[in-house]
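First the structure, in the form of structure tokens, and then the observations on it.
The values are calculated or read from the model by the stated rules, or taken from the named source; none is laboratory data. These numbers were taken from a predicted model, which means no experiment stands behind them. Here the Cβ positions follow ideal geometry from the backbone for every residue, glycine too, while neighbour counts run over all protein chains shown. What goes into the accessible areas is simple: the full protein's heavy atoms, side chains included, and nothing from ligands, DNA or RNA. Shrake-Rupley method; radii C 1.70, N 1.55, O 1.52, S 1.80 Å.
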Amino acid sequence: MNSLDGVMVIGLTGQTGAGKSTVSGIFVRNGFHLIDADAIARLVVKRGSHCLADLRECFSDTILCPNGELDRRMLASIAFSDRRKLEMLNTIMYPYIMGEILRMIHRHSQQNHKLILLDAPTLFESRADDFCDLIISVVADAQTRKKRIIQRDGISEEAAQRRMHIQLTEEFFREHSDIVLENNTSLEDLSSAAQELSAKLIHYYEAKYGAMV
């Protein structure tokens, strides 16, 4: 739960390949101000950053491109091949990501942005759910997600399966979320559900705080 009066932070998460980006886009178009945890994760590992130095110490210079930037594909191949290595990666990165998320929430509040969408694939793992007033998860069946991941990321079926296996289960998302959106039919159905949900949350905010957004 965030502690800023008059600010509502909605956490958006879910399984890889389930369609979270579609939901995020609709919420943003309807007036929510986005905090993109993936973008923050890229920011904190920029060349010369403390986070990148910590990653190099843990995983060696093999994770660097010749220009000194992080080789994301190489790091992903290492981390997603071994749950222990993924935990090491997360232990290093999450404190940097969490600090930046907190700064952005306060920055939005100071700019009078009252509806914030925290789009975070690892919302629970990073404990960023502690900042949220309400959590939405997007889920879909395994075969559908695998096809989407292969097409989206240009990786093999085996690599896609490893990514899916290392994530939290659908049962976990259902048990720890306030709202679950299923994406097993069509993009149009998911978009319609997201549109309806965002409108309801805006109405709830306006009724609770007596203020238009």
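Data overview
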{"item": "Subset tally (residues that are part of a helix (DSSP H, G or I) and in contact with a Gly (Cβ under 6 Å, 6 or more places away or on another chain)) for the range 176-190", "result": "1"}
{"item": "Exclusive hit being assigned to a helix (DSSP H, G or I), closer than 23 Å to residue 84 by Cα and open to solvent by 40 Å² or more (accessible area, probe 1.4 Å), set 161, 143", "result": "161"}
{"item": "Residue under evaluation residue 155, criteria (1) touching a residue at least 12 places away in the same chain (Cβ under 8 Å); (2) assigned to a loop (DSSP other than H, G, I, E, B); (3) closer than 27 Å to residue 183 by Cβ, criterion not met", "result": "(1)"}
{"item": "Among residues of the range 55-64, those that are of a type outside the set (A, V, I, L, M) and open to solvent by less than 60 Å² (accessible area, probe 1.4 Å), counted", "result": "3"}
{"item": "Test for residue 166: is it touching a residue at least 12 places away in the same chain (Cβ under 8 Å) and either in contact with a strand residue (DSSP E or B) (Cβ under 7 Å, 6 or more places away or on another chain) or more than 18 Å from residue 13 (Cβ to Cβ) (or both)", "result": "no"}
{"item": "Residues that are surrounded by 14 or more Cβ atoms within 10 Å (Cβ to Cβ) and either modelled with pLDDT under 95 or not polar (S, T, N, Q) (or both), drawn from the range 166-183", "result": "166, 167, 168, 170, 173, 176, 179, 180, 181, 182, 183"}
{"item": "Residue that is open to solvent by less than 30 Å² (accessible area, probe 1.4 Å), in contact with a strand residue (DSSP E or B) (Cβ under 8 Å, 6 or more places away or on another chain), in contact (Cβ under 8 Å) with a residue 60 or more places away in the chain and not charged (D, E, K, R), where the choices are 137, 126", "result": "137"}
{"item": "Single condition residue 98 does not satisfy, out of (1) part of a helix (DSSP H, G or I); (2) more than 16 Å from the chain's Cα centre (by Cα)", "result": "(2)"}
{"item": "Selection from the range 100-113 of residues that are in contact with a Leu (Cβ under 9 Å, 6 or more places away or on another chain) and open to solvent by 50 Å² or more (accessible area, probe 1.4 Å)", "result": "106"}
{"item": "Long-range neighbours under 8 Å by Cβ, at least six apart or interchain, first residue of a type in the set (Phe, Trp, Tyr) within the range 30-55, second in a loop (DSSP other than H, G, I, E, B) and open to solvent by less than 20 Å² (accessible area, probe 1.4 Å)", "result": "none"}
{"item": "Residues being surrounded by fewer than 23 Cβ atoms within 10 Å (Cβ to Cβ) and part of a strand (DSSP E or B) - total across the range 10-34", "result": "3"}
{"item": "Failed criterion for residue 6 (all others in (1) surrounded by 20 or more Cβ atoms within 10 Å (Cβ to Cβ); (2) at positive phi; (3) small (Gly, Ala, Ser) hold)", "result": "(1)"}
